[in-house]
Structure formats: C-alpha cells, structure tokens
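Right, one structure below, let's go through it.
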Ligand SMILES: *Cc1c(COP(=O)(O)O)cnc(C)c1O
C-alpha cells in the first residue's frame, strides 16, 4: 500500500459540490480581485481567530511583509525570528529593508526559544516573529512579556497553525498581529496562493489594507507607496467553504498524531514530536527525529511512503542569507533539527490503515538496522 505525504484530492472530492457552487458565484458576479467574497471571509476568519479584524492578502509571505511594513519597520531596524523557520519569515523582514536577527529554537518543541530571542534584543530591535512551527504554538506568554519589556511588536507567524491554541487563545490573536498562509497544503488551504493578517489593532489592519492595494485608501488616491498583494475573490470563496470544515480537519490531524504516537511509542530509535500541556497542536507537520534520518527516509520512500524534511537547511545556512555571516555551529539546535527531522504523511483524510502501514515500515526498518548491529539513534539536540 502506498501512502502519499499529502493528498488534496480526497478533500476536494468530499467538498466538490460546495466548492463549485461557491466558485461559480464569484465568477457569476465577476468579483475576482478583492471584493465581497474576500470581505466575507475576512469577517469569518477574524471571528474564528478570536481577533477583531482580518485583512486578506495574496500569500503568507505578503501577510508577514505587510504586517511589518504597516508597523513602519524598515532599514536600520532589526527583527528577531527563528533560525529553523521557512525562508519566507526571513524574506519578509528583508523585503522591508530590515535585518533578520536569528535565534535558536527550543530542543523539545522546536519553536523559537524565548531566552535565545531575549539574548538577541538590541537597541535596534523593533519586533519578534515567533513561528508556530509544524502547528505547535510558540511560548507566547514569554514573547508577550518580552514585547512589553522592550517595547517590541510581536508578530505571530501562524502560517502553519490555523486553529491552534495557546492556553485557550487561538494562535494569531495573541501578539499584535498574526500572519497566515493559505497555500494549498496548509491546514486551511486555498486553490492557489492567499494569506491574511489578523489583529485587533484597527490602525494596523487599516495600514495593511492600504499597502496591499498600492497604498490607496480609495481608488487612485495613493497616500503611500504600496504593493499589489490583494486576495483573489475565488480564494476568498474557497476559503469560506473550507473554514467551515477546519475544526473537523484539525481534529482528524490530532487523532492521526495520537495514533502515530501509540504505534511508535516503543520504537526507541526515533523521537516523537513534543506536545505541551495547555497547547493545542494542530499538526500541520508530524515531524519525528532520527539520527539516521536519510536512511530511514530512503527506506520509507522505497516502500511507497511519502515523507519530507521541514526544513533541510536552516535560514542562516541558505546561500541567500550568507550575507548575515552566520556559519555552521551558530544555531546548534536548529542545525541538529535540520539533520534529524523527518515529516511523516499527515493530512485529515489519512486512514488508520495508512498510518499503520507507515508505523510498520518504520518499525521494520529500525529493527533490521538494529539486527545488523547498527542501532538507529533518536537525536536529542543538546545545547
Ligand atoms: C507557508 C509559510 C510561509 C509563507 O506562506 P506563503 O503563503 O507560501 O507565502 C511563511 N512562514 C511559514 C512558517 C510557512 O510555513
């Protein structure tokens, strides 16, 4: 039995009628760029996130970029974020002309380490972007306190954490602004690129709305230089349909994680993802760690099990970020994570049979290697 890493088709088939009707409506109304379907989704998503406002934009990257730009963050400013995030978080900072200052992650949860972030604060720091990596909420209380202490904006990168909760609060509504991606494979995915900024600060949202539409408050009245970063009407309509199913989809992901955990708990060669009390992890990614990661990945792929690495190269070791001058060894936990993490198949429509198959292949592979005298090692990244 083959198990794909991600399958968007099954969900499409289940929601086909609903989605087609919603998309047809947008086309009938020729409401393609921004417009009423985007506005409706903005209201629904703000309420879902427990925030007052939402501004739909063209991607998660533009959500981060415009949130920073709305706060007037620019050249000379520093913004702290995690070394082990997707490149887009750092890109958004650089698109503003500001300097990304990376900090290492926590060795248990792999979210940004608040102490490392605190140590990176300078007189130029304007904001911190904690990343709710893999769907696991970052330690938000610590970041909110840091923000208050040093007068910094806290911008949540919630691009992997739609519907995740931190001590009863939905991610995205805890800092000054939360940035979401609706890239098709995300927990809430559009049928193309889309993103959103949520916030309870009306000025910040007003600025994002201007900046996404060429810096205009009304048509052809441009008060500042902005961008073209609007959300498409079709995406708004698709997202409104899919938002109604998000809680069910996240519940399914959590149940799958639970089953993986049950099946793999006795496999001493791998480390399972941490879950913290009081936090609702929504498992955008189910990432295990293993010392012989590449061998295990090859074995899984050979047996028809799709898997991935999130992410194989941390931000500071990317060629595009060489100018930061941070070589290997600078962020040891992030680097260990890049070498040992392996993402298993995870999507709501996964079946118990498929999860059993994945666990079986992992079990067989690690057992065979053990018998050959080379035990796999779970990696615990120590600092
Ligand atoms: C997906 C993602 C982004 C970027 O979102 P896009 O919609 O692809 O631009 C940013 N940060 C993280 C953590 C992501 O996973």
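The values are calculated or read from the model by the stated rules, or taken from the named source; none is laboratory data. Given the structure is predicted, the values throughout are model-derived calculations rather than measurements. Note that each Cβ is placed from the backbone with ideal geometry, even for glycine, and that neighbours are counted across all protein chains shown.
Table for the structure above
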| read-out | value |
| --- | --- |
| Yes/no for residue 95 being within 15 Å of the ligand (Cβ to nearest atom), at pLDDT 95 or above and surrounded by fewer than 23 Cβ atoms within 10 Å (Cβ to Cβ) | yes |
| Cβ pairs under 8 Å, 6+ apart, first in the range 181-203 and closer than 20 Å to residue 5 by Cβ, second within 7 Å of the ligand (Cβ to nearest atom) and assigned to a strand (DSSP E or B) | 181/195; 182/195 |
| Elements of type helices (runs of 4 or more DSSP H) contained in the range 190-296, each with 1 or more residues being within 24 Å of residue 338 (Cα to Cα) | 246-264 |
| Among the candidates 301, 326, residue that is assigned to a helix (DSSP H, G or I) and surrounded by fewer than 18 Cβ atoms within 10 Å (Cβ to Cβ) | 301 |
| Test: residue in the range 69-77 that is more than 16 Å from the ligand (Cβ to nearest atom), on the phi > 0 side of the Ramachandran plot, without any contact (Cβ under 8 Å) to a residue 24 or more places away in the chain and surrounded by fewer than 23 Cβ atoms within 10 Å (Cβ to Cβ) | yes |
| Per-region count, the range 127-174, residues assigned to a strand (DSSP E or B) and over 23 Å from residue 334 (Cα atoms) | 4 |
| Tally, over the range 218-243, of residues that are surrounded by fewer than 13 Cβ atoms within 10 Å (Cβ to Cβ) and within 25 Å of the chain's Cα centre (by Cα) | 1 |
| Residue 179, sole failed condition from (1) outside any helix (DSSP H, G or I); (2) surrounded by fewer than 24 Cβ atoms within 10 Å (Cβ to Cβ); (3) in contact with a strand residue (DSSP E or B) (Cβ under 7 Å, 6 or more places away or on another chain) | (2) |
| Selection status of residue 177, in contact with a helix residue (DSSP H, G or I) (Cβ under 7 Å, 6 or more places away or on another chain) and either within 12 Å of the ligand (Cβ to nearest atom) or within 17 Å of residue 121 (Cα to Cα) (or both) | no |
